[in-house]
Amino acid sequence: MSARIAAVQMSSGADVAANLRAAQQGLEQARAQGAAVAVLPENFAFMGEHEHDKLGVAESEGRGPVQDFLAATARRLGLWIVAGTMPLKTADPQRVAAACLVYSAAGQRVARYDKMHLFDVDVPGGGHYRESATIEPGPLAYVVVDTPAGRVGLSVCYDLRFPELFRGLAAQGAEVLAVPSAFTERTGEAHWEPLLRARAIENQCYVVAPGQVGAHPGGRRTWGHSLILDPWGRLLAQREAGEGVIVAPLPREPLLQLRKSFPVLTHRRIQ
C-alpha cells in the first residue's frame with residue numbers, strides 16, 4: 001500500500017489562535033482522508049500586518065503554544081506533521097528563525113529546518129520585500145527525515161529558486177520534497193508551477209507544496225495553487241483557490257523504477 005500525504009492550503013492572518021483553529025481543521029480533514037503525513041504552508045501560524053510583528057509571537061526553542069499545538073495534534077490524530085513555518089527566537093532580539101518543524105505521529109519533534117534563502121526582492125509590479133530585516137537565515141544544511149510517506153527533504157518557499165539545494169536533498173536520499181510556501185500572487189502566477197515541476201523532474205522526487213492563498217494583513221496577496229507532483233512532473237492533486245486540503249498516495253515502487261530506467265541522478269558529473 002502507498003502512504004498518502006496531504007497539503008493544507010491556508011489564508012493565515014494576525015490572530016494566532018484563529019490560525020491554529022484553521023490548521024487543526026485542515027489536519028483533521030487530511031487524517032480523515034487517509035493521510036499519514038500532512039504539510040502546512042509557510043507562516044501557517046502568523047502573518048501580521050508588518051514584518052516586525054512576528055517578533056511579538058516568536059516562541060523559544062521547544063516550548064510555546066504553537067509548538068504545544070503541533071505536538072498535541074500530531075499525537076491525537078496519529079499524524080506526521082511537517083509544519084512550515086513558524087517564528088522561533090534567535091540570539092538576535094530583532095530577528096527570528098523561520099523554522100519548519102516536523103512532528104511524528106507520537107507527537108515528538110524529529111526535525112527542524114530554518115529557511116535558508118531570504119526573500120529580499122523588489123517584485124516588478126508586486127511590492128517590496130526584505131525578509132532579512134526580521135529573519136535570520138538558517139544554517140547551510142540539508143535536512144531529510146524518514147516518514148511513512150518516504151524520505152522527505154525540507155525547504156521553504158524562496159528556496160525553490162535555488163536548485164542546488166534540492167539536488168543536495170536528493171543526494172541525501174530524499175524521495176519527497178516538501179515546499180511549504182507563501183508565494184506572492186505576482187510571482188506565483190508566473191513561476192510557481194514551472195519551478196515546482198522542474199524540481200520534481202530533475203531530482204526524480206515527489207513534490208508536496210502547500211501554499212498560503214488570498215488576502216492577508218498589510219495588503220499582501222498570495223497565490224495558493226497548492227499541489228502534489230509525481231517524479232515525472234505530473235500533477236497528482238491541486239487546489240487553486242480557497243482554504244482546503246489535497247491528498248495523494250505516494251507509491252515508492254514507481255519512483256524506484258523511474259530512477260533505475262532513467263538514471264539521471266547517477267549521471268551527474270559536476271559536483
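No value in this document is a laboratory result; all are computed from the given coordinates. Because the structure is a prediction, the values reported are computed rather than measured. Note that we place each Cβ from the backbone using ideal geometry, even for glycine, and neighbour counts take in every protein chain shown.
Points to keep in mind about this one:
- Percent antiparallel among DSSP beta bridges (both partners in segment 1-142, rounded to 5): 65
- Computed from phi, the 3J(HN,Hα) profile of segment 224-240 under the Karplus parametrisation 6.51, -1.76, 1.60 (θ = phi - 60°) reads x, 6, 4, 8, 10, 10, 8, x, 8, x, 7, 6, 9, 7, 8, 10, 6 Hz, with x in place of Gly and Pro.
- Ranked Met116, Met10, Met47, criterion: other C-beta atoms within 10 Å, fewest first: Met116, Met47, Met10
- Each of (i) 34; (ii) 31; (iii) 38 is a candidate for percent of Cα pairs over 27 Å apart; the one calculated from this structure is (ii).
- For segment 150-236, trypsin sites (Lys or Arg not before Pro) meeting the loop criterion (DSSP other than H, G, I, E, B) and having at most 13 other Cβ atoms within 10 Å: Arg234.
- When the chain is treated as a GNM with alpha-carbon contacts under 10 Å, the residue of Pro194, Pro41, Pro137 showing the greatest mean-square fluctuation is Pro194.
- Fraction of antiparallel bridges per DSSP, the chain only, in percent to nearest 5: 70
- Once C-alpha pairs closer than 8 Å and six or more residues apart are averaged by separation and normalised to the residue number of segment 4-266, the relative contact order reads 21 percent.
- A straight chain from Ala133 to Glu28 at 0.36 nm per residue would run longer than the Cα-Cα distance by 34.3 nm.
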